[in-house]
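Asks: Below you'll find the structure I mean.
The values are calculated or read from the model by the stated rules, or taken from the named source; none is laboratory data. Since this is a predicted model, take the numbers as computed values, not measurements. All Cβ positions, even for glycine, are placed from backbone atoms using ideal geometry, and neighbour counts span all protein chains on display.
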Amino acid sequence: MIDRPPVPVTVLTGFLGSGKSTVIGRLLRDPALARTAVIVNEYGEVPIDHALVRAAEENLVTLNSGCLCCTLRGDLVETLGDLIARRAKAEIPDFNRVLVETTGLADPAPILHTLMSEPLLVRHFRLDGIVTTIDAVHGLSQIERHPEAVKQAAVADRLLLTKGDLVDAARLAALTARLGDLNPAARPIRVDHGDVAAAAILDAGLFDPARKTADVRGWLREEAYAATSADGHAHHHDHGAGPAHDGNHGDAVDSFCLFFDAPLEWDDVAAWLDLLASLRGDGLLRMKGILDIRGEERPVVIHGVQHLFHPPALLDAWPDDDRRSRIVFITRDLDRAVVTQTLAAIRGGG
Ligand SMILES: Nc1nc2c(ncn2[C@@H]2O[C@H](COP(=O)(O)OP(=O)(O)OP(=O)(O)O)[C@@H](O)[C@H]2O)c(=O)[nH]1
């Protein structure tokens, strides 16, 4: 069998009732998703919409055994493996994309881990992006009360603000500001009644298949984060360094970008990430970076979710003249000082 390029997987998450199915129903009518396999996770009594089933035809897979995050990681591996096998035997229509809808209560991290680490999945699939629906009516209170809602928002590449038709502008602005604290780089997109263009949420990952290049700027969006120079040099990005960027969000979610002017030693970076992941992995909600590694002409890309890091990848070229290493972090109960001091200790041989 000739190996085909890995199939991009979009994970759609969002709190209970925040509009995931409505978004999927709309997306499946978009020609850009004509060859998409959809995996929905039926939790409890939530029925699958008939229009949805018709649109997705045989490529709709329903996982019945409960919450995708806690019970179905094995099933997800099996289901995706099965899709590949059935595609190879032409038992199902060919597909070039997968959309996985999680349950509203799911912590997305275990699903992302499964996608990033299961050998079978890594061979055939690549995580394209994480899209999170946020309910304009209940979003703020869900974020206050439910750690899962915070995580869903924090790990997202794209945030979809649903039900904006039901709230006034002030409330929408308050929610948007809150989301900006939790996840500065994700672009909140207002989506009423599921009305979102596929292009707005697909290809949210680093690699842009259309241009066959890496869209580092669109992926990292470092300018959205509070800048911290990890080399001890000042960086004068004006982020209005108010409380929103100081890590005092009440929920201890912080986001920041570390810059390194000088090339880094790969062994230091590897030891640092290893240590952070093993000691403080719970607090590393999301991390992405582009690194200038000593002895390596090309940039090295890293990214991780909690305890797990994607294997580092080499890009063909730097996106521009800026050769500084840049790493963005979204953390919870993990102070940026701890992150930088851990590296300093490793670099100092401590
Ligand atoms: N007014 C309004 N209602 C919406 C919007 N989006 C979704 N809804 C309604 O909100 C309810 C929940 O939407 P779903 O799409 O089922 O939400 P879900 O996230 O899939 O729900 P669970 O699977 O139960 O977590 C439905 O009654 C939708 O019709 C919107 O933008 N505006």
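Asks: Sort out which residues of the stretch 14-41 are within 9 Å of the ligand (Cβ to nearest atom) and either at pLDDT below 80 or crowded, with 21+ Cβ neighbours inside 10 Å (or both), and write them in order of number.
Replies: Hits for the stretch 14-41 are Gly14, Phe15, Ser18, Gly19, Lys20, Thr22, Val23, Ile24, Val40, Asn41.
Asks: Please list, ordered by first then second residue, the pairs with beta carbon atoms under 7 Å, 6 or more apart or interchain, first in the stretch 22-44 and more than 22 Å from Ile134 (Cβ to Cβ), second within 8 Å of the ligand (Cβ to nearest atom) and at pLDDT 85 or above.
Replies: Close Cβ pairs (under 7 Å, with a partner that is within 8 Å of the ligand (Cβ to nearest atom) and at pLDDT 85 or above) do not exist here.
Asks: Please state which of the following conditions Asp231 fails to meet, knowing it meets all the rest: (1) charged (D, E, K, R); (2) at pLDDT 90 or above; (3) more than 16 Å from the ligand (Cβ to nearest atom).
Replies: The failed condition is (2).
Asks: Among the residues of the stretch 74-112, which ones are surrounded by fewer than 21 Cβ atoms within 10 Å (Cβ to Cβ) and hydroxyl-bearing (Ser, Thr, Tyr)?
Replies: Thr79
Asks: Separate question: What are the residues in the stretch 264-286 that are under 13 Å from the mean Cα position of the chain (by Cα) and at pLDDT 90 or above, if any?
Replies: Of everything in the stretch 264-286, nothing turns out to be under 13 Å from the mean Cα position of the chain (by Cα) and at pLDDT 90 or above.
Asks: Related question: Suppose we filter the stretch 327-350 for residues that are crowded, with 20+ Cβ neighbours inside 10 Å and closer than 27 Å to Ile111 by Cβ; how many remain?
Replies: Final tally of qualifying residues: 8.
Asks: Within the stretch 114-130, does at least one residue satisfy the condition of being in the same structural domain as Val77 (by TED's automatic domain parsing) and within 16 Å of the ligand (Cβ to nearest atom)?
Replies: Checked against the condition, which is being in the same structural domain as Val77 (by TED's automatic domain parsing) and within 16 Å of the ligand (Cβ to nearest atom), the stretch 114-130 yields at least one hit.
Asks: Looking at the stretch 76-113, which of the residues that are within 16 Å of the ligand (Cβ to nearest atom) and assigned to a helix (DSSP H, G or I) is nearest to Arg332 (Cα to Cα)?
Replies: Pro108
Asks: Mind listing whichever residues of the stretch 157-195 are touching a residue at least 60 places away in the same chain (Cβ under 8 Å) and within 12 Å of the ligand (Cβ to nearest atom)?
Replies: Leu160, Thr162, Lys163, Val191, His193, Gly194, Asp195
Asks: Over 18 Å from Lys151 (Cα atoms) and not assigned by TED's automatic domain parsing to the domain that holds Val11, is that true of Gly295?
Replies: When the stated conditions are applied, Gly295 passes them.
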